Amino acid sequence: MSLTDILSPSDIAAALRDCQAPDSFSPKKFFQISGMSKKSSSQLKDIFRILDNDQSGFIEEDELKYFLQRFECGARVLTASETKTFLAAADHDGDGKIGAEEFQEMVQS
């Protein structure tokens with residue numbers, strides 16, 4: 001399964017265009033433009049599994065850095081401040097990583 005099985009390629013492209021400049025990435029805005037915020041819980045679990053590159057059950061900070069590249073190979077890497085802000089916004093239990101439930105909660109809120 002790939003992200004384009006769940007999200008429209010044109011919506012993904014629009015979301016990536018919106019955050020091309022360094023330090024312009026906003027998780028909430030990205031989720032809205034890409035259509036992720038309108039997806040069901042089971043679809044978000046599928047998206048999470050795709051984004052969890054090492055299949056650990058968590059998205060760690062080093063995986064978050066390459067978040068945009070999971071949507072398109074040529075996309076930019078998130079800056080250190082974007083990565084930290086993204087992690088802080090989703091990591092509700094303070095363990096330094098994002099679990100599937102935390103991810104789903106962040107996307108749907």
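The values are calculated or read from the model by the stated rules, or taken from the named source; none is laboratory data. None of these values were measured; they are calculated from a predicted model. Here the Cβ positions follow ideal geometry from the backbone for every residue, glycine too, while neighbour counts run over all protein chains shown. When the accessible area is computed, the model is the full protein with side chains, heavy atoms only, and any ligands, DNA or RNA have been set aside. Shrake-Rupley method; radii C 1.70, N 1.55, O 1.52, S 1.80 Å.
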Review point. Remind me, relative contact order of the chain in percent, using alpha carbon pairs under 8 angstrom and six or more residues apart?
Key: 27 percent
Point to revise | Carbon plus sulfur fraction of accessible area for the range 8-108, probe 1.4 Å, in percent | key: 50 percent
Exercise for review: With a probe of 1.4 Å, find how much accessible area the range 8-108 has per residue, and write the answer as a whole number in Å².
Suggested key: 52 Å²
Point to revise | Between the range 83-97 and the range 16-78, the alpha-carbon center distance in angstrom | key: 14 Å
Point to revise | Gain on full stretching of the segment that runs from H92 to K45 - 0.36 nm per residue minus C-alpha separation | key: 15.2 nm
Exercise for review: Could you tell me, in Å, what Rg and Dmax come out for the Cα atoms of the range 8-108?
Suggested key: 12.3, 34
Check your understanding: Simple spin-label model, 7 Å along Cα-to-Cβ: Q108 to S56 in nm?
Key -> 2.5 nm
Practice item. Determine the calculated [θ] at 222 nm for the chain from helices alone, applying -39500 (n - 2.57) to every DSSP H run no shorter than 4 residues and normalising by the residue count; nearest 500 deg cm²/dmol. Key: -14000 deg cm²/dmol
Point to revise | Globularity ratio of the range 1-66, using Cα Rg and 2.2 N^0.38 Å | key: 1.11
**Study point:** Over the range 36-94, relative contact order from alpha-carbon pairs under 8 Å, at least 6 apart, %
**Key:** 21 percent
Point to revise | Shape call, the range 43-101: gyration tensor on alpha carbons, a/c limit 1.5 | key: oblate
